[in-house]
Amino acid sequence: MDSRRKNSVIIIHLDTNVLIDLSTQGSAAGDKVEKWLEEGRVLAASSTVWFEYISGPVPADALGLALAALQGGILPFDSHQAEKAAELYNLTGRRRALRFDCMIAAGAIIANATLATSNGADFLMFVPFGLKLEVV
């Protein structure tokens with residue numbers, strides 16, 4: 001799926017912690033994802049998030065559940081996202097610990113998607129630079 005879909009489609013990028021929580025019965029993130037799917041929202045994850053997630057360990061049933069939720073696919077990290085991630089990295093203090101977060105935020109910004117995470121504090125610094133954030 002093209003990460004630059006028409007604005008009429010609501011795209012939500014899931015952060016790693018949301019994918020992890022999907023397999024936890026009754027988790028807030030799992031309930032939210034189920035609601036979004038029922039509403040017909042398109043859920044996707046960046047390849048950076050997918051890398052973090054499958055670095056696991058991830059049980060096979062949890063992996064299948066995550067893949068089923070990601071109807072919008074696992075989106076590649078391209079040159080536009082790399083440039084945006086570098087910009088975010090430089091604008092937010094060049095801290096090495098933020099590199100993956102910059103890449104994740106850049107993917108959502110470039111796709112005009114909302115980033116869903118349970119770690120809102122990790123991504124708040126990117127909101128002034130265009131990130132749409134939903135804490136679950």
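The values are calculated or read from the model by the stated rules, or taken from the named source; none is laboratory data. Quick caveat, the model's predicted, so the values are computed rather than measured. Every residue, glycine as well, gets a Cβ built from its backbone with ideal geometry; the counts of neighbours run over all protein chains shown.
Worth a mention:
- Residue that is surrounded by the most Cβ atoms within 10 Å (Cβ to Cβ), among those in the range 11-38 that are touching a Gly at 6+ places or on another chain (Cβ under 8 Å) and modelled with pLDDT under 90: Ser23
- Any chance Thr92 is surrounded by 15 or more Cβ atoms within 10 Å (Cβ to Cβ) and closer than 22 Å to Thr24 by Cβ: no
- Residues located in the range 122-136, provided they are touching a strand residue (DSSP E or B) at 6+ places or on another chain (Cβ under 7 Å) and buried (at least 18 other Cβ atoms within 10 Å of the Cβ): Phe123, Leu131, Val136
A quick yes/no check of all residues on (1) closer than 23 Å to Val9 by Cβ; (2) surrounded by 15 or more Cβ atoms within 10 Å (Cβ to Cβ):
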site: Ala85; (1), (2): no, yes
site: Ala97; (1), (2): no, no
site: Cys102; (1), (2): no, yes
site: Gly107; (1), (2): yes, yes
site: Ala111; (1), (2): yes, yes
site: Ser118; (1), (2): no, yes
